[in-house]
Amino acid sequence: MEPDLTKPVPVTQPWSQAFWDGTRDGKLLIQVCHACQAAIFAPRKRCPDCWSENLGWTESAGRGTVYAFSTAYSMVEPQFADELPYTIAYVDLVEGVRMMTRIVGCDPARITIGMPVEVTFTERADFRLPYFRPVTTNE
Ligand SMILES: [Zn+2]
C-alpha cells in the first residue's frame, strides 16, 4: 500500500483564525494585549501576562533572529522526504515573541544562532505557512 503523502495543515481555532487569515494576505500577525501591551504568540484567548481577554492584533515586521534550530537530514515522516534537509527553528521576532517555524532558502550549514531572518510564506493546501529565510545583506 502506498503511504499517504498528504502534508498536514494547521488546525485553526476561533482565537487563531485571524492569524491564518493574515498569512493568506501576506501578513504575519501577532496578538497584543490592550490591558498591559504585551506581545503574544501563539494566539490565545487570554493574555499570559495579565489574564486580560482584551486582545487585538498587530502586524509584525516579519523580522527576527534564530534562537535555536535543528536540521533533519533523514528519517522524517514520508510526506516530508521531498523537503530534506529540513530545519526547524525558534525565531525571536523583533516584537519580542518567539515563534516555532522553519528556516528555508539557504544551506542549513550556514544557519547560526542569532542569524537575522525574515518571514517568507509557503503555500500548503489553502494555507500560507510563515517560514523564515536569511536576511540578505550587502556586506
Ligand atoms: Zn496583558
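Every read-out reported here was derived from the displayed coordinates using simple, explicitly stated rules and does not represent laboratory data. Quick caveat, the model's predicted, so the values are computed rather than measured. Cβ sites come from the backbone with ideal geometry, for glycine too, and all protein chains shown count toward neighbours.
Quick notes
- Summed over qualifying helices (DSSP H, 4 residues or more, each -39500 (n - 2.57)) and divided by its residue number, the chain shows a 222 nm mean residue ellipticity of -1500 deg cm²/dmol.
- Nearest-20 debye value, the range 1-65 charge dipole, Cβ charges on Lys, Arg, Asp, Glu: 160 debye
- Overall form of the chain per C-alpha gyration tensor (a/c, 1.5; a/b vs b/c): oblate
- Cysteine residues of the chain whose Cβ has no partner cysteine Cβ closer than 4.7 Å: Cys106.
- Peptide packing: for 82-93, 9-20, the average count of neighbouring Cβ atoms within 10 Å per residue gives the ranking 82-93, 9-20, highest mean first.
- Sites Thr71 and Cys50, calculated FRET efficiency, Cβ-Cβ separation with R0 41 Å, nearest 0.05: 0.65
- Residues whose amide H lies under 5 Å from that of Ser52, counting only those 5 or more places away or on a different chain, are Cys47; hydrogens are built 1.01 Å from N in the peptide plane.
- Simple spin-label estimate for Cys36 and Arg133 in nanometres, 7 Å along Cα-Cβ: 3.8 nm
- Karplus (6.51, -1.76, 1.60) ³J(HN,Hα), θ = phi - 60°, over the range 108-116, in Hz, Gly and Pro reported as x: x, 5, 8, 6, 9, 5, x, 5, x
- Charge dipole (the chain, unit charges on Cβ, about Cα centre) - positive-most of Leu84, Ala109, Thr136: Thr136
- Per-residue Cβ neighbour counts within 10 Å put Met115, Met100 in the sequence Met100, Met115, beginning with the fewest.
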